[in-house]
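J.: Following this message is one structure expressed as C-alpha cells.
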Amino acid sequence: MATVSEFKKILEELYKRNFVLVSMHDIAQLDASGNMVGGTIMLPEGKNL
C-alpha cells in the first residue's frame, strides 16, 4: 500500500530510469478459444518495460 504522494514519487523514479507504463491488455489477451496469448508492445528506442 502506498499513499498518493508515494505513488507519484515511484512513478517519477520509473520515468527517470526510462521505464514506461503499459496496459495489461497490451501484454496479453484472450483469443477466440479463451486461451491467453501474448500481445505486441511497441516501445520507443531506449525505453524499458
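Since every read-out is calculated from the coordinates, none of them should be taken as a lab result. Just so it is clear, the model here is predicted, and its values are computed rather than measured. When we count neighbours, we look across all protein chains shown, and the Cβ atoms used for this are built from the backbone with ideal geometry, even at glycine.
J.: For the range 16-25, give me each residue that is out of contact with any Pro (no Cβ under 9 Å at 6 or more places or on another chain) and surrounded by 10 or more Cβ atoms within 10 Å (Cβ to Cβ).
T.: N18, F19, V22
J.: Turning to a different aspect of this structure: On the given criteria, is A28 loosely packed, with under 10 Cβ neighbours inside 10 Å and not charged (D, E, K, R)?
T.: Taking the combined requirement at face value, the residue does not satisfy it.
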